[in-house]
Each structure stands twice: as structure tokens, then as C-alpha cells.
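First the structure, in the form of C-alpha cells, and then the observations on it.
The values are calculated or read from the model by the stated rules, or taken from the named source; none is laboratory data. Worth saying up front: this structure is predicted, and the values here are computed from it rather than measured. Here the Cβ positions follow ideal geometry from the backbone for every residue, glycine too, while neighbour counts run over all protein chains shown.
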Ligand SMILES: Cc1cc2nc3c(=O)[nH]c(=O)nc-3n(C[C@H](O)[C@H](O)[C@H](O)COP(=O)(O)OP(=O)(O)OC[C@H]3O[C@@H](n4cnc5c(N)ncnc54)[C@H](O)[C@@H]3O)c2cc1C
Ligand code: SF4
């Protein structure tokens, strides 16, 4: 029997692959979406609203460790990479929708200055940010900042009370000439009812545990159902791509080899292949296949965000009511605008600080509350009522000691080499973290608060890498000697291979990656559709 044949195979159904499948299917192309994981049902396979006592028996019978937890804790993978150096981490959720099931939804456009080291400009991506924000239903405030452009927003969610104290501190420092801004977060969570839109958020605050009512944008609840509705998408869930099949002369992808969870192995032919397996995994697939790497840069230019946390208390808020201002997940606000125009002489790049507060059931202050019985409850409530915490997201310096390659020994269940992630912090990274601690202390004190906790000292061991924000292993560029894909997201070497995840980022600012990942994937998918129509690939 001949292999099934599609115009495009998209591998990976996270934010990058989901949007590519939608745009291609909506353009009338026959698309196969290959996803290793299974469909997880909101409210059934994860259920943050369940009563822990009701869910315990069922969960224990399913082999789960305890009562309700989170999508991430229950389903993310462990031991799927080898870490080398300063304690790297790597997030992976094998499920339809990938890590969009557990993301917080923070959506920040990269600004004009952030694109100066890219081969494309902010103006090239701006129309796709517009489309992405409308499609994802992003809420936010129009702040008018130079390098964090406003977008197409639904009604903003206000900051919580202690976050307003941080804003007060920032305003006072700005009056003394400091360059910084404090704004409300922007998230892909609907706050307005819209025909055909998702359920409006009811502010339960469980976004990262998994949204039971499918309000938060995921790849599984928006682009994939819309793509299926076109009749042009065939979904192969619980199916892994295990090999890229190349033409004999190595110039073109002919198709892929797949392994289904029931053990069946089969092939799919395609006119074009889109890889959207995520930054680490896409690089790994190219290294395994030995393709698209005439530049030798696949796996190089790896970067992410890293940081430390500082918390403050505002005694002036002690007697306020413990009001129900849970809102969306913990972080409602953002310290930003640092070192945009004038770089800090001690480090390269900059950082932002996501800030949160409130009665959200975080572990943050529970362990520190003194007392027993009712006095413990009072102390716990008070600490949660008067605290704000500030978590740094610094852009990690790109250096030759940060990269991905293949582990010569460790293999996955298909016998394929696992990735190794090499992370070594440089002095610039340490200097940035020190500056962040000093700046956050300044903000808290300027607002009349006191610093409640901060890292004792800044050391390589104390820095925390964001294992979910990796970018840059297959970077975009005009020169095929120094980059992997061109400005259309198309491999320089293999004309019918395209990449639709954050591995193509040419440089990385302090802002979260996913909105830009979706905008660029949208752009790449549109360009691929045009090239296929014109028979250019
Ligand atoms: C707790 C948490 C909070 C986060 N919050 C934010 C946030 O607020 N803002 C933000 O911008 N980002 C956030 N992120 C990061 C964001 O989730 C990722 O940047 C994003 O999901 C990456 O998208 P992707 O499509 O590249 O990869 P993924 O989402 O990882 O999707 C890749 C998919 O490919 C599949 N796959 C891989 N290899 C194969 C193969 N060989 N065959 C078949 N399928 C394969 C995987 O199973 C997976 O489903 C957060 C992440 C986490 C975990
Ligand atoms: S706060 Fe809103 S988006 Fe987050 S889990 Fe609850 S309903 Fe979903």
C-alpha cells in the first residue's frame, strides 16, 4: 500500500506547531499533525477545581502520587536529557498542545530595539503580533512604552494591592531619574465575551496547573480544533516522528517515519516538513538526521531566561481586608523598561521582573508563618495579604559554552540519542543577577516596604535557569554560513524543510518567548503556503 501523502507534515502540536497547522489547513493545504503525546481532557485528566478528598482515591488508583496536582507535575517528562555544567533544566510536556496546557499565558511583544540583532525588523512581525493577539485573546493595558509595544488587547486585569505598592516605589524612583516602568501583565486569557471565543476567565488563579474550563489559550483548545474544522487536517496523536526520510541526493525531505503508541511503525510522504518539536528537540532531530547543518550552528546560540527572587512586605497593608483578588495565576504585573536605551556597563542585555501578590495558594509564605492553630492562620493570612514577590527573567548571555548536542550514551525509547544541554553561567550573567537584587530592594524600600527575602549571595549554584524558555538552536539569518534558516523560517540547505518554534530566534530579549513564537510560526506558515502554491519548494 502506498504511504499516505500530505502537502505538509507538521511535527509537534505546541504553540508553534498548533498555529502552523491551523494557518496551513485554513489555506486549503492537506496537513498531517504528528504529536507524540495524547489529548488530555480539561476537567478530567487535570482538574484544579476538584476537591482534593474527592479526587484522592481515583488518582491513587491511577498510580498518581496524591490528590489534585497540576498538568505539569502529573505529565511532564523527567530524565529526557543530560545536563552538563551549571544545573540546566529542560521542560517537556508530551501532550496535544504541548506546554501551552500549563503555561501562564504571559504575552509580551518583543520591541523594535529587540529586533536590531535579527535579520527581520519589528515592522515585519508586527502584523503577525496583531493576528496572534486577536486569535489568542490577549488581555492587557495600553501602556505606551517604547520597547514593549501595545497590542490588540481585551480588557486588562488590574494589579493586586501589594503590586500597586511596587508601582508606587517605581514611580518614586522615576522621579529621581531612574529608567524603569511597572505595568500590569498581558496574558492570553479572555476577559471579554466574543462570538466563537473561549469562555471568559473566572479568576480561579490555577492557570499553570491547567485551566479546567479552557479559558486560557492552548494549542489544543483553539488552533487545532479550528484546523480540524476546515476538514484539511489529519491528527496523528500518540505518534512520534522517529526519522526524517530524505531524497537520495539529500536535497529534499521525502517524508517521515512514525511510531504509534500501539507499536505500529509507518511512513508519511509530504511535499514539505515543518518541525515544531521545541527548541531543544528540533535541534536534536536535525542533529540525529544530520541535515540542515552545513553552517555547523545547529544546537549553538542556545539561550534562555534565568533568575532569582526577592520578596517584600508592606506593613502598611496589615489591617486591610483579605479581599478576594485572586485574579489569574500568581504574577499580575511586571517591572520592565530597564537598560533599554542605556546598557548597564557590567553586563550585556537586560531583565524584566514578573511580580505577584495575593492570597493565591502558593507555597511561598506557608513555611515561614509562625504560630499554631488560629495564630498560625492569622499569620499566614497576614503574610499573604501584605507581601509581593519579584521574580527575575534575565536574558542569558549567548556564549560558546552554552549549546545542545547529542548524548553519545543515553537513548530514548526508540533508541535515538537524547540531547545534552551545556550551561555555564558567565560573569555577565552573575552581574545581571546582582543588579536585579539591588534594583528590587530599591523598589521595595522606595514604596515604604521592607525586604522579606533575597538570595544570600549571587553564585552560579544559586541561579535558576528557566527550563521552559530555551530559544536559539536553529537561528534565523541571511548568511547560510552562520545560520540554519532564512528569514522565511526555511532551511538554507533543505528547501522543503521549515521550522516553526523558538529555535529560530536570532537574539533574545528579556520578554517571554511564546507570543513571538506564535507570530513567527504564523508568518512562516503563510510563506510556506505561498511557496507551495507557486511550486517553489
Ligand atoms: C509552567 C510553565 C509556564 C510557562 N509560562 C509561559 C508564559 O507565561 N509565557 C510564555 O511566553 N511562555 C511560557 N512558558 C513556555 C511555553 O510553554 C513554551 O515556550 C512553549 O510551549 C514552546 O512551544 P513549542 O511549540 O516550541 O514547544 P512545546 O510546547 O514543548 O510543544 C512541542 C510538542 O512537540 C511534541 N514533540 C516533540 N518531539 C516530537 C516528535 N519527535 N514526534 C512527535 N511529537 C513531538 C511534544 O510532545 C510537544 O507536544 C511556560 C512553560 C511552562 C512549563
Ligand atoms: S484564572 Fe482564568 S484562565 Fe486561569 S485557570 Fe482560572 S479560569 Fe482558567
Restricting the stretch 181-211 to residues that are touching a residue at least 60 places away in the same chain (Cβ under 8 Å) and near ligand 2 (Cβ under 7 Å from one of its atoms), the one surrounded by the most Cβ atoms within 10 Å (Cβ to Cβ) turns out to be 211
Mind telling me which of the residues 365, 403, 376 ends up being modelled with pLDDT under 95 and touching a strand residue (DSSP E or B) at 6+ places or on another chain (Cβ under 8 Å)? 365
Among 104, 67, the single one that is touching a helix residue (DSSP H, G or I) at 6+ places or on another chain (Cβ under 7 Å), within 16 Å of ligand 1 (Cβ to nearest atom) and more than 30 Å from residue 478 (Cα to Cα) is 104
Considering only the stretch 7-43, state which residues are over 26 Å from residue 214 (Cβ atoms) and within 15 Å of ligand 1 (Cβ to nearest atom). 8, 9
Condition test on residue 171, is it more than 16 Å from ligand 2 (Cβ to nearest atom) and either at positive phi or without any contact (Cβ under 8 Å) to a residue 12 or more places away in the chain (or both)? yes
Filtering the stretch 240-286 for residues that are within 14 Å of ligand 1 (Cβ to nearest atom), surrounded by fewer than 22 Cβ atoms within 10 Å (Cβ to Cβ) and not in a strand (DSSP E or B) leaves a count of 1
Scan 130, 150 and give me the residue that is closer than 29 Å to residue 279 by Cβ and either at pLDDT below 95 or part of a loop (DSSP other than H, G, I, E, B) (or both). 150
For the list (1) away from ligand 2 (no atom under 16 Å from the Cβ); (2) touching a residue at least 40 places away in the same chain (Cβ under 8 Å); (3) surrounded by 16 or more Cβ atoms within 10 Å (Cβ to Cβ); (4) farther than 30 Å from residue 290 by Cα, I need the number of the one condition that residue 164 fails. (2)
Test for residue 282: is it closer than 25 Å to residue 97 by Cβ and touching a helix residue (DSSP H, G or I) at 6+ places or on another chain (Cβ under 8 Å): yes
Filtering helices (runs of 4 or more DSSP H) wholly in the stretch 4-94 for at least 1 residues that are over 22 Å from the mean Cα position of the chain (by Cα) gives 15-26, 52-61
Conditions: (1) at pLDDT 95 or above; (2) farther than 24 Å from residue 313 by Cβ; (3) out of contact with any helix residue (DSSP H, G or I) (no Cβ under 8 Å at 6 or more places or on another chain); (4) not in a loop (DSSP other than H, G, I, E, B). Residue 461 meets all but one. Number of the miss? (1)
What about residue 528, is it closer than 19 Å to residue 113 by Cα, at pLDDT 95 or above, away from ligand 2 (no atom under 16 Å from the Cβ) and not in a loop (DSSP other than H, G, I, E, B)? no
Which of the strands (runs of 3 or more DSSP E) found entirely inside the stretch 372-428 contain at least 1 residues meeting this: surrounded by fewer than 18 Cβ atoms within 10 Å (Cβ to Cβ)? 403-411, 417-423
Working carefully through the options 114, 86, 143, find the one that is away from ligand 1 (no atom under 15 Å from the Cβ) and within 30 Å of residue 462 (Cβ to Cβ). 86
Take residue 226 and tell me if it is in a strand (DSSP E or B), surrounded by fewer than 22 Cβ atoms within 10 Å (Cβ to Cβ) and either under 27 Å from the mean Cα position of the chain (by Cα) or within 16 Å of ligand 2 (Cβ to nearest atom) (or both). no
For residue 371, work out the one condition from (1) in contact (Cβ under 8 Å) with a residue 12 or more places away in the chain; (2) more than 30 Å from residue 94 (Cα to Cα) it doesn't fulfil. (1)
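Residue by residue, here is whether (1) away from ligand 2 (no atom under 16 Å from the Cβ); (2) within 30 Å of residue 225 (Cα to Cα) holds:
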position	(1), (2)
69	no, yes
78	yes, yes
89	yes, no
95	yes, yes
Is the stretch 59-68 home to any residue that is surrounded by 16 or more Cβ atoms within 10 Å (Cβ to Cβ) and touching a strand residue (DSSP E or B) at 6+ places or on another chain (Cβ under 9 Å)? yes
Of all strands (runs of 3 or more DSSP E) fully inside the stretch 305-349, the set with 1 or more residues that are under 14 Å from residue 433 (Cα atoms) is 305-307, 309-313
